[in-house]
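The structure under discussion appears below in the form of structure tokens.
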Amino acid sequence: MRPYSLLLLSFFSFCCVIMGFVSCANKVPQIVSLEATVVYDYQNLQEPPIQRLSVFVQSSQGSERIMNLKISFPAGNIFPDNKFFWFIENPLILNNGSKLWAGSPSLMAPYFSALPKGRYQVVYTDLVGETAEGQFELNYKELDAPPLDQPIFLNQQEQTSDEAGSSNDSAEPIRKIALFSELDGRGTLLFFDTAWDNWKDFTDIKDSYNKAKSLRICLDYPSRQVRYLLPPHNFE
């Protein structure tokens, strides 16, 4: 191949690479999925739970690129001027299988008030300053008597029944396990999903997640938009 042909081929390849970068940069980021759940956090069963809001978003450009999130309260009787909002810097990144989510599981309303129902606005900014907007409707319904007397580990029959309840929109909760790197449900969240079939005791979990030191049982009610987070159990 002649020298000028090699030069022309190299220049053409360089232009293709540059065009690829420009094409990626020109894509407008979007919120492709958004999950909002009201959490009732039980530190123990002798005291009433703490109400929190968990909000996580999935970005079309990669949730790991999200730098911050702003979540605005709906206007209403409690906050008539809509001046209250959460600003989340360096949001928590959760890996749910092949999907990454960015957000926070511990947002609380000011003045010790209950989370107002209504439409919330979400705006995120990514690492290059691009923004994307979304909304979600909060219309949660708390249970009068949630089933808090949950065993830590289920036998096979209980697991089958639990899985059946999680496949529909019934009153049965979806039972999940949260694993933490420190005692008393603190530290890094290592795992949050339905329990593995082979987890019969703490040793089985340690074989899968050797850094786990505590767990919390979570009862999700998607149709009610609520989650009950039960008190922590330590491995040690």
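Computed quantities for the displayed model
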item	result
Two-site label geometry, Asp204 and Ile50: point separation in nm, points 7 Å out along Cα→Cβ	3.1
Under the Karplus curve 6.51 cos²θ - 1.76 cosθ + 1.60, θ = phi - 60°, whole-Hz ³J(HN,Hα) for the stretch 58-71, x wherever Gly or Pro sits	10, 9, 5, 9, x, 5, 5, 8, 6, 8, 7, 10, 10, 10
Near-label residues of the stretch 120-147 by backbone N, under 16 Å of a point 7 Å along Cα→Cβ of Ser60	123-126, 130-135
Segment Ser181-Val128, length gained on full extension (0.36 nm per residue, minus Cα span)	15.9 nm
FRET efficiency, Gln135 to Glu89 (Cβ-Cβ, R0 35 Å, nearest 0.05)	0.95
Among the listed pairs Lys176/Lys211; Lys70/Lys117; Lys99/Lys200; Lys27/Lys99, those beyond 24 Å (Cα-Cα)	Lys99/Lys200
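Every read-out reported here was derived from the displayed coordinates using simple, explicitly stated rules and does not represent laboratory data. Not measured: the values here are computed from a predicted model. Positions of Cβ are backbone-derived with ideal geometry, glycine not excepted, and every protein chain shown enters the neighbour counts.
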